[in-house]
Amino acid sequence: DVKVTQSSRYLVKRTGEKVFLECVQDMDHENMFWYRQDPGLGLRLIYFSYDVKMKEKGDIPEGYSVSREKKERFSLILESASTNQTSMYLCASSLGTGATNEKLFFGSGTQLSVL
Amino acid sequence: AQSVTQLGSHVSVSEGALVLLRCNYSSSVPPYLFWYVQYPNQGLQLLLKYTSAATLVKGINGFEAEFKKSETSFHLTKPSAHMSDAAEYFCAVSEMDTGRRALTFGSGTRLQVQP
């Protein structure tokens with residue numbers, strides 16, 4: 001089975017800190033995604049990547065950046081954390097055939113609290 | 001852009017009763033549609049997906065969903081609820097018209113199963 005691992009389950013940071021959320025997948029998937037999950041809003045796409053060193057903005061990229069230096073690792077960066085970035089962050093990956101009906105494999109999430 | 005609307009943020013049923021979770025989509029082209037489930041403290045898992053091969057789609061754990069173009073719906077059903085079905089369920093649509101290989105999720109429905 002595909003495993004998508006997020007480095008921290010819970011994270012507490014202070015306003016203004018630079019925050020790194022790490023995600024690693026072990027199945028050589030081409031596509032990787034970062035979503036944030038908020039009650040009543042579902043999942044919203046922050047950034048995604050189709051290949052190493054490639055990234056594309058999702059629906060809510062403001063205040064975030066990403067890095068994909070290696071195929072298996074996709075990092076989400078909060079340059080200066082703010083309280084409105086308190087949320088559950090979910091990483092996902094998919095095989096990358098180019099089809100738009102691919103199954104997404106999710107990590108178990110990182111609950112970030114910004115104080 | 002495509003979108004999905006999930007009617008009812010919370011649904012409560014008795015064990016053994018029918019489960020019906022509603023999802024309506026908005027799309028200018030025939031969509032691919034998905035249902036994902038999130039158990040407590042876990043990431044999302046794919047339950048089933050519609051990719052135009054058949055309008056009635058069977059998934060894991062006894063769930064199924066029917067694609068109805070005339071009603072722009074993709075409701076999720078299970079004949080008899082089990083306590084282990086308690087989770088949050090997300091409907092999602094593939095971005096067919098943009099070609100973006102990411103999913104757009106609904107706001108989620110939390111299913112509670114009463115003994």
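Summed over the range A:81-108, residues that are within 15 Å of B:Q42 (Cα to Cα) and either facing another protein chain (nearest Cβ under 9 Å) or without any contact (Cβ under 8 Å) to a residue 24 or more places away in the chain (or both) total 8. Checking every residue in the range B:79-90 against the condition of being within 13 Å of another protein chain (Cβ to nearest Cβ) and either over 27 Å from A:C23 (Cβ atoms) or β-branched (V, I, T) (or both) gives zero matches. What number of residues in the range B:10-55 are modelled with pLDDT under 90 and among the small types (G, A, S)? Number of matching residues: 7.
In the set A:L41, A:L21, A:L112, A:L78, only one residue is hydrophobic (A, V, I, L, M, F, W, C), under 28 Å from B:C23 (Cα atoms) and either free of Cβ contacts under 8 Å to residues at least 12 places away in the same chain or in contact with a Phe, Trp or Tyr (Cβ under 9 Å, 6 or more places away or on another chain) (or both); that residue is A:L41.
Checked against the criterion of being more than 21 Å from B:L103 (Cβ to Cβ), within 14 Å of another protein chain (Cβ to nearest Cβ) and charged (D, E, K, R), the range A:4-16 contains one or more residues that satisfy it. Screening B:S12 on (1) within 22 Å of A:L90 (Cβ to Cβ); (2) over 11 Å from the mean Cα position of the chain (by Cα) shows it passes everything except condition (1). Of the residues making up the range B:28-42, those that are surrounded by fewer than 20 Cβ atoms within 10 Å (Cβ to Cβ) and under 22 Å from A:L41 (Cα atoms) are B:Y39, B:P40, B:N41, B:Q42.
Specify which of the listed residues (A:K71, A:K53) is assigned to a loop (DSSP other than H, G, I, E, B) and either surrounded by 14 or more Cβ atoms within 10 Å (Cβ to Cβ) or touching an Asp or Glu at 6+ places or on another chain (Cβ under 6 Å) (or both). It would help to see each step written out before you state the result.
Numbers: A:K53 fails: either surrounded by 14 or more Cβ atoms within 10 Å (Cβ to Cβ) or touching an Asp or Glu at 6+ places or on another chain (Cβ under 6 Å) (or both).
None of the others qualify; the one that does is A:K71.
Within the range B:18-35, is even one residue within 14 Å of chain A (Cβ to nearest Cβ), among the small types (G, A, S) and closer than 19 Å to A:L104 by Cα? No: the range B:18-35 contains no residue that is within 14 Å of chain A (Cβ to nearest Cβ), among the small types (G, A, S) and closer than 19 Å to A:L104 by Cα.
The values are calculated or read from the model by the stated rules, or taken from the named source; none is laboratory data. What you see is a predicted model; the values in this text were computed from it and never measured. Virtual Cβ from ideal backbone geometry, glycine too; neighbours counted across all protein chains shown.
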